[in-house]
Amino acid sequence: MKKYSVWILWGEDPQEDQEPLQYEFNTQAELDAFLMGIEEGDGWFGYDYIIGQEEPKLSEFDNYQ
C-alpha cells in the first residue's frame, strides 16, 4: 500500500542540528487533514489553562489580553 508522507521542520527558528520529522499516512485525505490542522494551529502556540468544573471568564486566563 502506498504511503503518503510529509517532512516537517518545526519551529520559527530551527537550529542547525535540528532534524525534520517525517509523518506518514495511509491516504491523501489523512495527509490533507494533518496539513490543514497545522495551518489552523499556526500562530496559536501559546496557551494557559484553568482547572475546574465551571467555565471561566476569558479575563481569568493569564494569556488573555
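The values are calculated or read from the model by the stated rules, or taken from the named source; none is laboratory data. Computed from a predicted structure; not experimentally measured. Positions of Cβ are backbone-derived with ideal geometry, glycine not excepted, and every protein chain shown enters the neighbour counts.
Here are a few things to note about the model shown:
- Flag if residue 11 is surrounded by 10 or more Cβ atoms within 10 Å (Cβ to Cβ) and among the small types (Gly, Ala, Ser): no
- Residue match in the stretch 33-40 (condition: small (Gly, Ala, Ser), within 17 Å of the chain's Cα centre (by Cα) and exposed (fewer than 10 other Cβ atoms within 10 Å of the Cβ)): no
- Pick from the stretch 10-48, criterion of a type in the set (Asp, Glu) and modelled with pLDDT of 90 or more, ranking: farthest from residue 62 (Cα to Cα): 24
- Within the stretch 1-48, the residues that satisfy the criterion of being assigned to a helix (DSSP H, G or I) and in contact (Cβ under 8 Å) with a residue 12 or more places away in the chain are 28, 30, 31, 34, 35, 38.
- Some residue of the stretch 48-61 being surrounded by 10 or more Cβ atoms within 10 Å (Cβ to Cβ) and either among the polar types (S, T, N, Q) or within 30 Å of residue 3 (Cα to Cα) (or both): no
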